[in-house]
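As structure tokens, the structure follows; a few thoughts come after it.
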Amino acid sequence: MYFDTHCHLNSDELYDNYELYINNALNHEVENMMVVGYDLQSSKRAVELAKQYDFIYAAVGIGPNDCLETTEQDLFIIDEYLNEPKVVALGEIGLDYYWDDVPREKQKEIFQKQIEIAKKHDKPISIHCRDAYEDTYQMLKLHGHRGIMHCYSGSAEMAQRFIALGYYISLAGPVTFKNARVPKDVAEKTGLEYLLIETDCPYLTPHPFRGKLNEPANVVYIAQEIAKLKNMEIEDVARMTTFNAKTILGIK
Ligand code: NI
């Protein structure tokens with residue numbers, strides 16, 4: 001029923017007990033998950049999990065906070081992983097001006113090079129964007145392609161601009177937070193045909209479990225909040241977001 005399109009079972013926080021978290025997910029009707037990499041080790045783990053479980057898919061990539069020392073050889077490894085059929089996307093990649101751990105020019109260089117790799121394999125990209133919406137938009141407009149705005153935290157108006165470029169809008173835990181006016185506004189104003197759901201676990205645990213470790217089973221709370229905001233049945237939100245996820249990720 002549910003598809004958690006962005007989880008980090010490959011993170012140190014969850015990896016030691018991934019069987020437990022996968023079972024919890026299945027018990028909550030979370031039938032598909034995409035495990036997303038952010039550096040070489042997490043990408044390798046994502047590929048291994050996807051090979052082990054037929055309902056798990058992988059994305060591989062080097063994120064903006066982990067690309068300070070990224071080399072051509074590292075990008076070649078990412079390129080090679082994309083030959084695997086269960087690797088359905090390249091990501092997470094993008095720009096992060098909040099942490100600003102890596103000079104912006106380097107972030108842009110590694111982002112752009114990975115967009116080109118994704119285009120070569122004709123696979124979508126999963127975008128990490130924090131406090132960098134305008135630059136991210138310009139990069140995506142310039143270099144084209146299609147994908148997912150993961151854990152989208154921009155405005156509803158900005159979301160329409162990304163949708164026009166071929167991107168889906170993925171909502172995470174913040175949409176459930178009481179005072180999170182902006183993501184709630186995005187959920188209300190964005191057509192369900194452009195929305196995805198995700199946990200981004202182990203981070204961003206949704207209400208009512210804020211403060212605890214997040215896991216894929218909690219994606220149900222994201223769907224529940226979207227259903228409430230749109231005045232729809234949760235089953236319809238689940239069905240449509242799963243259909244959207246399979247469409248953008250090319251899953252039959
Ligand atoms: Ni992530």
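Please treat every number below as a calculation from the coordinates, not as lab data. Predicted model only: the values in this text are computed from it and were never measured. Virtual Cβ from ideal backbone geometry, glycine too; neighbours counted across all protein chains shown.
Quick look at the values:
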| item | result |
| --- | --- |
| Å³ per residue enclosed by the Cα convex hull of segment 62-171 | 89 Å³ |
| Top positive-direction residue, dipole computed over the chain with Cβ charges, set Val35, Met158, Asn214 | Met158 |
| The chain: most fluctuating residue of Thr70, Thr176, Thr205 per GNM, C-alpha cutoff 10 Å | Thr70 |
| For the chain, size of Cβ-based charge dipole, Lys and Arg +1, Asp and Glu -1, in debye | 740 debye |
| Estimated FRET transfer efficiency (Arg161, Tyr97; beta-carbon r; R0 22 Å; 0.05) | 0.75 |
| Candidates Asn24, Asn65, Asn218: whichever shows maximal mean-square fluctuation once the chain is modelled as a Gaussian network with Cα springs under 10 Å | Asn24 |
| Integer Hz, Karplus 6.51/-1.76/1.60 couplings in order for segment 183-194, x for Gly and Pro | x, 5, 4, 4, 4, 6, 8, 8, x, 4, 5, 10 |
| Burial ordering of Val182, Val36, Val60, Val220, fewest other beta-carbon atoms within 10 Å first | Val182, Val220, Val36, Val60 |
| Cut-off under 5 Å, modelled amide H: who pairs with Ala132 long-range | Tyr97 |
| Spatial separation of Cα centroids for segment 71-92 and segment 145-178, in angstrom | 24 Å |
| Taking Lys212, Lys189, Lys252 and counting other C-beta atoms within 10 Å, the order from fewest to most | Lys252, Lys212, Lys189 |
| Separation of the Phe76 and Lys119 label points, Cα + 7 Å toward Cβ, nm | 2.2 nm |
| Fluctuation leader among Glu29, Glu72, Glu48 - the chain, Gaussian network, Cα springs under 10 angstrom | Glu72 |
| Per-residue HN-Hα couplings for segment 20-27 [Karplus 6.51, -1.76, 1.60; θ = phi - 60°; Hz; x = Gly/Pro] | 4, 5, 5, 5, 4, 4, 4, 5 |
| Estimated distance in nm for a label pair at Tyr203 and Asp12, the labels positioned 7 Å out from Cα along Cα-to-Cβ | 1.5 nm |
| In nm, spacing of pseudo-spin labels at Glu109 and Glu134 (7 Å Cα→C-beta vector) | 2.5 nm |
| Stokes-Einstein D for the chain, Kirkwood Rh over Cα pairs, 25 °C, 0.890 mPa s (µm²/s) | 139 µm²/s |
| ³J(HN,Hα) computed for each position of segment 240-252 - Karplus, 6.51 cos²θ - 1.76 cosθ + 1.60, integer Hz, glycine/proline x | 5, 5, 5, 4, 4, 4, 5, 5, 5, 8, x, 9, 6 |
